[in-house]
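The values are calculated or read from the model by the stated rules, or taken from the named source; none is laboratory data. None of the values given here were measured: they were computed from a predicted structure. Each accessible area value is taken on the protein alone, full model and side chains, heavy atoms only, with ligands, DNA and RNA left out. Shrake-Rupley method; radii C 1.70, N 1.55, O 1.52, S 1.80 Å.
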Amino acid sequence: MFDLHLRMKPVKPDLLHIHIPLQFRWLFATLAILTAWVAISTGIWSPVAIGVLVLALLGLIYDERWIFDRVTGEVHYRIGFLFIGRHLVLAMRDIDHFEFRVVHQKGRELCQTVLWTTGLEPFLVESQPAAYRTLLLHEAELLAEFCGRPLSQP
């Protein structure tokens, strides 16, 4: 299975991005180009080639990102495809705390970083298999420190 781990990147001292890695985009761009090249050079547009091309193009335009901006005091979350998707804006002052937790879903152990608002509304920032536990915990600690909020762990 293809596990996508979002990358944490401090852009400026007061700006932190958590986003899809560039390698993800390169992978799907390469797949789209190779599929189109093979189909065009052979002249065979099979349903499989068309399906792979469509999936590669969807993977290429998929976006998921969190932007934490201390200057504006806002947190932006975006998920979707190019212009079609969900965009959420939260005030940083509405963040109560972050939680790092381990859950069991469908026989798998997952580590999760969750943002909790003062209204006790949870937002899942990241969820990865247990193999990423150390990395995800470190990133959760950095995120909580960046936002000046506590990190709870069970």
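Rounded to whole Å, give me the distance from the Cα center of region 96-154 to that of region 1-78.
23
Indicate the gyration tensor shape class of region 112-154 (rounded, prolate or oblate), computed on the Cα atoms with a ≥ b ≥ c the square roots of the eigenvalues: a/c under 1.5 is rounded; otherwise a/b larger than b/c is prolate and the rest oblate.
Taking the square roots of the gyration eigenvalues as a ≥ b ≥ c, region 112-154 is oblate.
In Å², and per residue, what accessible area does the chain have when probed at 1.4 Å with the other protein chains present?
Roughly 61 Å² per residue, with all protein chains present.
The list (i) 35, 18, 13; (ii) 25, 19, 14; (iii) 21, 17, 16 gives values of semi-axes √(5λ) of the Cα gyration tensor in Å, and only one came from this structure; which label was calculated from it?
So the structure-derived entry is (i).
What is the extension gain from Leu58 to Glu109, computed as 0.36 nm multiplied by their sequence separation minus the C-alpha to C-alpha distance, in nm to one decimal?
My answer for the length gained is 15.5 nm.
Which percent of the accessible heavy-atom area of the chain goes to carbon and sulfur, probe 1.4 angstrom?
65
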